[in-house]
């Protein structure tokens, strides 16, 4: 791939996200210098000063690679998603938020009015005059605007066409480095891009496949939270110990970091290859290991998972088949 | 039947060895039951991936009926117990998504129980009729609905709200 007029252009943007993805990119250490050596960074709000109007003035398709992290929660996010799609040749949904909604997507369990109310008028917020933010506000200098929230958070793919998906919360730095290497090779004409829609920077199996813990036939009489078990067997499968571990449904690529460090997989790498609905896969996985045959006994065991919806859709709710709580998206 | 009667759309998953034959028996015996259910035959209720249920609900079904062999009578020894466990966990997850757990029903029916299949189906249809439409709609329609700006959001109110104290 040759580019006229100097180095190819690179952009990175954050929508509804926490900033962890940006830190993960910087965590590639000296690899970030390769980005600078091979790309002209034209837009990256967290790292450099740039105005939206500068991006709007660019020619369509003039940015070679845009890493877009964060979900689409308000009209500003949506505008930037559409703008960067228009200006970019390759648009990557970067990180769990852009791929499937991630933790901000759990807000899809509540109507947006409740979310605003919780943020501005609950016990943690001292707001005796019940002052809420407004979309527009008149000041002597003119009218001020702030972005308005949408009903629910949407992953990038539900808003614009996406070329590649790079999962993880955040994507592991060694995976980012590998993707940077690949893109540089493509720019130099030494490698081919994978087919559109490919999940990059991750494996094609499950976290269990990479997990070092020993696995046997599982039969669980009780689900427990990890803090309620002492001691946790350091070498035995966590699910086998009754800890709801999301590994069986989750895409590999992280080297099973959490189970390796003694914590259950929470599913940040999203659905494994071929999984249409992450939560459904986990429901299947958990149901298969429960050692009970009567509804009463099964229900008693399931009581050990206090928030089943949050457990099976922790990172994937906005990207799931149902996408949101009915009360959240039916709001008129 | 009047035009304003809500006719629920029900997807039914049946086991090849029992409940599918029960429905067949109900048919050949000319038993009357509600026509709202669309049956899909699986080899076993244990084949029922919860994805099937979520897909049905997200694409316009108002309820899903899962049927299988009675406990202890599974053609594949114990897979109907797996179906039972999935069903119980799935209902908990659906509740968190604002979907009444009653919209998914599990029925055991042997190949000889055509009458039971018919009466359970009719009862389920009536139950869903009482609950009303699920309204999830087609996924493409839902996408356009969720991308609309909400009207009642406090952020969009006018400037006549309480003034910011100086």
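Quick note: the coordinates plus some simple rules give every number you see, no bench work behind them. It should be emphasised that the depicted structure is a prediction, and the values quoted were computed from it without experimental measurement. Ideal geometry is used to build each Cβ from the backbone, glycine not excepted, and the neighbour counts take in all protein chains shown.
Scanning the range A:121-153 for residues that are more than 7 Å from chain B (Cβ to nearest Cβ), touching a strand residue (DSSP E or B) at 6+ places or on another chain (Cβ under 7 Å) and within 26 Å of residue A:109 (Cβ to Cβ) yields A:147, A:153.
Under the condition of being away from every other protein chain (no Cβ under 12 Å) and part of a helix (DSSP H, G or I), the residues counted in the range B:87-121 number 9.
Enumerate the strands (runs of 3 or more DSSP E) found wholly within the range B:1-86, keeping only those where 3 or more residues are within 14 Å of another protein chain (Cβ to nearest Cβ).
In the range B:1-86, B:63-68 are the strands (runs of 3 or more DSSP E) which contain 3 or more residues that are within 14 Å of another protein chain (Cβ to nearest Cβ).
As a summary of the residue check, residue B:133 satisfies the conditions (1) in contact with a helix residue (DSSP H, G or I) (Cβ under 7 Å, 6 or more places away or on another chain); (2) assigned to a loop (DSSP other than H, G, I, E, B); (3) within 12 Å of chain A (Cβ to nearest Cβ) except for the one numbered (1). May I ask you to verify whether residue B:84 is touching a helix residue (DSSP H, G or I) at 6+ places or on another chain (Cβ under 9 Å), within 26 Å of residue A:291 (Cβ to Cβ) and in contact (Cβ under 8 Å) with a residue 40 or more places away in the chain? When the stated conditions are applied, residue B:84 does not pass them.
Residue-by-condition table, conditions (1) at the interface with another protein chain (Cβ under 8 Å from one of its Cβ atoms); (2) outside any loop (DSSP other than H, G, I, E, B); (3) surrounded by 16 or more Cβ atoms within 10 Å (Cβ to Cβ):
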position: A:268; (1), (2), (3): no, no, yes
position: A:276; (1), (2), (3): yes, no, no
position: A:287; (1), (2), (3): yes, yes, yes
position: A:293; (1), (2), (3): yes, no, no
position: A:306; (1), (2), (3): no, no, no
position: A:310; (1), (2), (3): yes, yes, no
position: A:314; (1), (2), (3): no, no, yes
position: A:323; (1), (2), (3): yes, no, yes
position: A:328; (1), (2), (3): yes, yes, yes
